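Worksheet: one structure, shown below.
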Amino acid sequence: MTKTGEETTGAVSDVPRRVFTDFLDALVAKGIPTDIISRLRKTLLVDHRYSDKALKEAVFPETFDL
């Protein structure tokens, strides 16, 4: 990680991705169904959607029109 004036580059920008990845890995370790984990991974890491609605859609897709 390097500092350029007030900007910080490197690992700091990867913190959310690392946190979400660790969270998803913990879900795998707990035996959460892979289809739920896959939808959460897409929502968090690909689509970058973090709202309550987005997370509920990922976990409970049968209750939403996707």
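Every read-out reported here was derived from the displayed coordinates using simple, explicitly stated rules and does not represent laboratory data. Bear in mind the structure is a predicted one, so any value in this text is a computation, not a measurement. So basically every Cβ, Gly included, is an ideal-geometry build from the backbone, and we count neighbours across all protein chains shown.
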Please specify each residue of segment 24-59 satisfying the condition of being within 20 Å of Asp14 (Cβ to Cβ), in a loop (DSSP other than H, G, I, E, B) and hydroxyl-bearing (Ser, Thr, Tyr).
-> Tyr50
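Please go through segment 23-41 and give me each residue that is charged (D, E, K, R) and either loosely packed, with under 13 Cβ neighbours inside 10 Å or in contact with a Cys (Cβ under 8 Å, 6 or more places away or on another chain) (or both), ordered by number.
As a first pass, look at segment 23-41 and keep what is charged (D, E, K, R): 25, 30, 35, 39, 41.
Asp25, Lys30, Asp35 - these are the residues of segment 23-41 that are charged (D, E, K, R) and either loosely packed, with under 13 Cβ neighbours inside 10 Å or in contact with a Cys (Cβ under 8 Å, 6 or more places away or on another chain) (or both).
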